Amino acid sequence: MMLNPLSLRWLAPAAIAATAALTAAPERSITLDRLPLLFADDSGVASRDGVVRTFHPGTTLPGPVLTADRPWEGNRVYIFGSVMRTPGSDLFRMWYSSHPVLEHARPSASAPAFHSLTLYATSTDGISWVKPPLGLVSAASASGVSTANNIVSDFDSPSVLLDATEADPARRYKMLGALHGAYAAAYSADGLRWKMYPHNPVLQYSDTITLTQDPVSRRYLAYHKRPAVVRGFPRRVVWLATSADFQNWSQPELVFAPDAEDDAWTSRPGERAEIYNMSVVPSASGFIGFPAVLRVMKVRTAAETLPGQSSLDGPVDIQIATSEDGRAWRRSWPRISMIPRGAPGTFDGGALLGVASQPVDTAELTWIYYTAINTGHGGTMPPKRTTIGRAEWRLHGFVSLDAGPMGAEVETRPLRLSGGVLSVNADASRGELRVALLEADGSPVSGYTVEDCEPLRTDQVRFQLRWKSSPHLPINRPLRAKIEMTNTSLYSLSAEAIAR
C-alpha cells in the first residue's frame, strides 16, 4: 500500500528513544469525530514504547493537472486557493488564481490591467479539470469580451472554506484573499456567486493567505504573509489572525519564521531562507502545516531585474511542521521535502510555491495540489511557466509510527468517540496489530482487551476494529486506545461506521 518507498526518520532523540513517556503535556480529552487522530506528533499520544516516527514524501504525477490556456489566465496559474469534494458527490471543485496582463480580463473597470483573478474548475477524477463558462464576469476571449469564462472573483490567493458550522445557508462558503492592497473577506451560498462582507478589508498587507478552522473552538484561522526582520534580514514570514465571526480579527501574531537551521546552507552575503506561505490542516488533536521554504540564492538589483521577474531567485520546497494549538510549531528533522521537486527543467523542477489550503481525502488516498514552476522563483518568462500539480499519499499517509520485530506499544490520550466504530489505518502486512480500550485513568475495559481484539495482519486504510465479546463500543465516556503492534506502520485512528 505504500505509495513511495522513500521515508526519512525524525532523528531527534525523543523520536527514536526505545521508550518515551509523554507526561509533560497536559492531559485532555480528544473528540474523534469527522477528523482522524494522526501521529505526525505526540499531541494525541500519552505514551509510546519501541516506535520510530517516519515522514513520507508524496508521489507526484509526471505532468501538471491544470495549465494556463485561456486569455484571462495569462501565462500562469496558481493553487493559491482551495480544492474540495462536493459533499455527497464525486465532483471535485477547485478555486485557483491567475495573473493576466490583459485590459479586459478583469471584473471591473476600476481594476488595474495587471490583476489577479479567482477562477473555478471541476473534475470527476482530480486530474482532468473542466473550466466551465459560468457567465458571471466579463473578460477578453478569442471572440471579444464575453462572460463565457470561469472567473468568479478578483481575489488573489483565494482561500475557500465550506463552513459546516454556519447557520445561514447564504454564507456557508467563506473566502479570504488579497484585494487592492489588503486582505478581504467574502461569502457565498454556492461558491460561485460571491458577496463582500460589510466590513472590509479585514486585515492589512496583501499577499498569500490560507484559511482554516479550529475544530475545537470553531474560530477561523488566517495564516497570511507579512514581512518581518529575522536575524538581520527582512523576510517573508507567516502571521496568524483569528476570528469568531469572519469580520472582527485578532491582532496578527508572528507564528512561523525561518530558524537558524533553515539558514545553515548559506555561505554568501544576502543568502537566506524565507517562508513563502503555509497551508494548515486540522486533525483531531492539533494541526499539520506545510510551509513553503524559499532559499534565496541570488538577489538581483533593479537594473538586473526584468519586467515580471522577481529580484529574489532560488528554489522553493514544501516541508512539514506540527502544532497542538496552531501557534507554536515544531519542525521535522531533517528538514525533508514532503513534495519532491522534479528533475531540472521539468514542470515542477524549479520551485513549489505553495499548496492548496486543504488536502483531499478519497477512499484510499490523500491528494495535495501544489503550485509548480519549472524555474527558480526568480526565473525569466519565458522559459518560466507556472502550473498546478498534484501529489498523493496513502490516506493520511504523511507520517507513521513504525514498530519492528521486537514489538511496540502506543497509548493515546483519552478519546471521545463519536460513534460505535473505531477504525485503524495501518500496514500490518508483515506483522500484526491489536488494540485494547482503557478507561481514562488507564484501567482496562472488560471485554476490550488486546486478547479480545481481532488482529490486523494486512495493509488497510480503514480496518474496523472488533472485539470478540463486545460488538459495540462504549461512547458515553472518554477512553484510551492502547495499540500493540509488530512490524507495522501506524498512520491514523478514525471513529466512523465502515461496513465490511
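None of the figures in this text is laboratory data; all of them are computed from the coordinates on show. All values reported here derive from a predicted model rather than from experimental measurement. Please note: Cβ atoms are built from the backbone with ideal geometry, for glycine as well, and neighbour counts cover all protein chains shown.
At-a-glance table
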quantity	calculated
Karplus-derived 3J(HN,Hα), 6.51/-1.76/1.60, for each residue of segment 245-255, Hz, glycine and proline x	10, 6, 10, 9, 10, 5, 4, x, 10, 6, 10
Amide H partners (placed H, <5 Å) of I388, local residues excluded	V65, L66, A372
Cubic angstrom per residue, convex hull over Cα atoms of segment 325-407	171
Distance between segment 205-269 and segment 408-484 - C-alpha centres, whole angstrom	38
Longest to shortest principal axis, alpha-carbon extents of segment 198-314, angstrom	46, 34, 22
Two-site label geometry, S470 and R85: point separation in nm, points 7 Å out along Cα→Cβ	3.1
Other-chain or far-sequence residues with amide H under 5 Å of G397's (modelled H)	T366
FRET efficiency, 1/(1 + (r/R0)^6) with R0 22 Å, evaluated for L134 and N248 via beta carbons	0.10
Descending principal axes extents, the chain, alpha-carbon based, whole Å	72, 54, 42
Where the Cα pairs of segment 368-500 fall when distances are cut into 5 Å bins, in %	2, 10, 17, 19, 15, 10, 5, 5, 5, 5, 4, 2, 1, 0
Most to least packed among 192-200, 67-75 [average Cβ atoms within 10 Å]	67-75, 192-200
Rounded FRET efficiency, nearest 0.05, which uses the C-beta distance separating W333 from R477 and R0 of 35 Å	0.40
Segment D69-A363, extension gain: residue separation times 0.36 nm, minus the distance between their alpha carbons	102.7 nm
Where Cα atoms sit under 25 Å apart: lysine pairs in segment 59-394 separated by 8 or more or lying on different chains	9
Of every Cα-Cα pair in segment 269-423, the percent that sits beyond 21 Å	55
Under the Karplus curve 6.51 cos²θ - 1.76 cosθ + 1.60, θ = phi - 60°, whole-Hz ³J(HN,Hα) for segment 58-69, x wherever Gly or Pro sits	x, 9, 9, 7, x, x, x, 9, 8, 10, 7, 9
Mean Cβ count within 10 Å, highest first, over the residues of peptides 77-85, 209-217	77-85, 209-217
Mean residue ellipticity (222 nm) of the chain, computed from DSSP H runs ≥ 4 via -39,500 (n - 2.57), nearest 500	0 deg cm²/dmol
Gain in span if fully extended, A164 to N200, counting 0.36 nm per residue against the direct Cα distance	10.6 nm
Segment 36-51 - phi-based ³J(HN,Hα) in whole Hz, Karplus 6.51/-1.76/1.60, Gly and Pro as x	x, 8, 9, 10, 5, 8, 9, 5, x, 10, 8, 7, 8, 9, x, 10
Order by protection proxy (mean Cβ within 10 Å, highest first), peptides 279-292, 45-58	279-292, 45-58
Distant-in-sequence amide H partners of R466 (H built 1.01 Å from N, under 5 Å)	E454
Translational diffusion of segment 25-83, µm² s⁻¹ [Kirkwood Rh, Cα pairs; Stokes-Einstein; 25 °C; 0.890 mPa s]	147
